[in-house]
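These notes are about the structure you will find just below.
The values are calculated or read from the model by the stated rules, or taken from the named source; none is laboratory data. Model, not experiment: these values are computed from the prediction. With ideal geometry, Cβ positions are generated from the backbone for all residues, glycine too; neighbour counts draw on all protein chains shown. Calculation scope for accessible area: heavy atoms of the full protein, side chains included, ligands and nucleic acids excluded. Shrake-Rupley method; radii C 1.70, N 1.55, O 1.52, S 1.80 Å.
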Amino acid sequence: MEILVCIKQVPDDSVEISLNASTGKPNLDGITQIVNAFDTYALEMAARLKEKVGGEITVVSIGDESVKNSLKNCLAVGADKAFLVKDDNAESLDSCGITAYLIKAKEDIEKVLDKKFDIIFCGKEATDYASSQVGILLADELSLPVVANVVDIETENGKASIKQETEDGYNLVETQLPCIVTVQKPNYEPRYPTIKTKMAARKKPIDELTPAEKPESTIEVIRIFEPVKRTAGVKIKAETPEEAVAQAIKLMTDAKVF
């Protein structure tokens, strides 16, 4: 099984990020760059599949030299090879531009490794700009079947059996290989690297790829807004349920909820 996992380096989403007052852009000074959370789920799912059926995992990302740190982390938790599409201005790419880069990267990697990929894993969305489009666009451009919001996958006899999460439950989907999946959070967490795997990852090369010709952007960002901060709730203290209900009704009445 030959697997390609597309990952993106993003600002740590566990840290509160504010907008720069003068530029109107996110203030990322001092914010650690990490692998996008949904991409870590995709890599973990790919690693578990590799452990079952064998094969190799290749990871690819787009960005500047700093992205190699994230790729090294991927090599420490299951990936076998890593490639970087070098572009110091990758943040200016929209979903269509990223897709164009990934298509050329896939073709270049297949030539270098002399093999074709059976499955391409993507996270369902990025935690910085959550468009949820790249995996779907990639499948459309490559004319490959795609399943979104995947939480489990198995392969046998040239087919993939996929568990897809929906708002109402789950779908079980079967598709021919090769295919593309976009990964939702499964019922397990990504593995942690060990000292041994970190040391091994340091020795592995990260090959650089020439990006595709940058397509004209189809999206113009006019302005970025911070999400509205939630106000603190009101804690009701009462000796009986009746008193609690009466207090709640008074609070809602005063707030003109009804």
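Residue by residue through segment 86-99, what is 3J(HN,Hα) from phi via Karplus (6.51 cos²θ - 1.76 cosθ + 1.60, θ = phi - 60°)? Round to whole Hz and write x for glycine and proline.
With the stated coefficients, segment 86-99 comes to 7, 8, 6, 10, 5, 5, 7, 6, 8, 4, 5, x, 4, 4 Hz.
Could you tell me what fraction of 2.2 N^0.38 Å the Cα radius of gyration of segment 1-150 comes to, as a two-decimal ratio?
Against the compact-globule rule of thumb, the ratio is 1.04.
Roughly how many Å is it from the Cα centre of segment 92-164 to that of segment 185-220, as a whole number?
Their Cα centres are 14 Å away from one another.
How much of the calculated P(r) for segment 1-67 lies past 20 Å, in percent of all Cα pairs? Display every interim value, and only then the final one.
On the way: 984 of 2211 pairs.
The share of Cα pairs beyond 20 Å in segment 1-67 comes to 45 percent.
Calculate, in nm to one decimal, what residue 103 and residue 69 gain on full extension: separation in residues at 0.36 nm each, minus their alpha carbon distance.
Values: separation 34, 0.36 × 34 = 12.24 nm, distance 2.28 nm.
So the chain would gain 10.0 nm between residue 103 and residue 69.
Report the net charge of residues surrounding residue 87, where surrounding means a beta-carbon distance below 12 angstrom and charges are Lys +1, Arg +1, Asp -1, Glu -1.
Values: positive: 86, 104, 214; negative: 64, 65, 88, 91, 208, 213.
Result for the local shell: -3.
Scan around residue 155 for amide H atoms under 5 Å from its own, H built in the peptide plane at 1.01 Å from N, and keep only partners 5 or more places away or cross-chain.
Here 161 satisfy the definition.
So how do 8-20, 175-187, 110-122 stack up, highest first, on mean other-Cβ count within 10 Å?
Numbers: 8-20: 14.2, 175-187: 19.2, 110-122: 17.6.
So the order, starting with the most tightly packed, is 175-187, 110-122, 8-20.
Residues of segment 1-115: accessible area per residue at 1.4 Å, in Å²?
On the way: 4930 Å² over 115 residues.
Here the residues of segment 1-115 average 43 Å² of exposed surface.
Given H placed 1.01 Å from N in the peptide plane, which residues other than close sequence neighbours of residue 27 have an amide H under 5 Å from its amide H?
18, 19, 20
Can you give me the % of accessible surface on segment 32-185 that is carbon or sulfur? Probe 1.4 Å, all protein chains present, nothing else counted. Walk me through the numbers on the way to the answer.
Details: 3080 of 6880 Å².
About 45 percent, which is the carbon plus sulfur part of the accessible surface.
Give the long-range amide H neighbours of residue 5: residues separated by 5 or more places, or on another chain, with amide H under 5 Å away, using H modelled in the peptide plane at 1.01 Å from N.
Amide H neighbours of residue 5, under 5 Å, 5+ apart: 58, 59, 60, 121.
Antiparallel versus total DSSP beta bridges in segment 133-258: what percent is that, nearest 5?
80
Which of the lysines could be linked to residue 235 by a straight reach, that is with a Cα gap under 29 Å, when you skip same-chain ones fewer than 8 residues away?
Partners within reach: 250, 256.
Viscosity 1.306 mPa s, temperature 10 °C: give me the Stokes-Einstein translational D for segment 105-192 in µm²/s, with Rh taken as the Kirkwood radius over C-alpha pairs.
Details: Rh = 14.0 Å.
Calculated translational D: 113 µm²/s.
So what is log10(I(q)/I(0)) for segment 50-122 at q = 0.18, 0.21, 0.22, 0.26 1/Å, when the Debye sum runs over its Cα atoms only?
After summing over all Cα pairs, the log10 values are -0.77, -1.01, -1.09, -1.35.
Work out from phi, with θ = phi - 60° and the Karplus expression 6.51 cos²θ - 1.76 cosθ + 1.60, the ³J(HN,Hα) of each residue of segment 219-230, listed in order in whole Hz, and give x for Gly and Pro.
Values per residue, Gly and Pro as x: 10, 10, 7, 7, 7, 10, 10, 6, x, 5, 6, 6 Hz.
Highest mean first, how do 159-165, 42-48 rank when packing is the count of other Cβ atoms within 10 Å averaged over residues?
Details: 159-165: 17.7, 42-48: 23.3.
Highest to lowest by the protection proxy: 42-48, 159-165.
For segment 133-251, compute Rh as the Kirkwood radius over C-alpha pairs and then the Stokes-Einstein diffusion coefficient at 25 °C and 0.890 mPa s; write the answer in µm²/s, rounded to an integer. All intermediate terms of the calculation are to be shown ahead of the outcome.
Numbers: Rh = 20.8 Å.
My calculation gives 118 µm²/s for D.
Rank by packing, highest mean first: peptides 97-106, 217-226, 240-249, 27-36, with packing defined as the count of other Cβ atoms within 10 Å averaged across residues.
Top to bottom by mean Cβ count within 10 Å: 97-106, 27-36, 240-249, 217-226.
If the limit is 24 Å between Cα atoms, which of 111/185; 52/115; 52/86; 8/106 go over it?
Values: 111/185 32 Å; 52/115 20 Å; 52/86 33 Å; 8/106 15 Å.
Beyond 24 Å between Cα atoms: 111/185; 52/86.
Calculate how large, on average over all directions, the projected area of the Cα convex hull of the chain is; give the answer in nm² to one decimal.
Values: hull surface 78.8 nm².
Computing the convex hull of the Cα atoms and averaging its projections yields 19.7 nm².
Using only alpha carbon pairs under 8 Å that are at least six residues apart, calculate the relative contact order of segment 161-258 and give it in whole percent. Could the numbers behind the result be given before it?
Numbers: 23 pairs, mean separation 9.7, N = 98.
10 percent.
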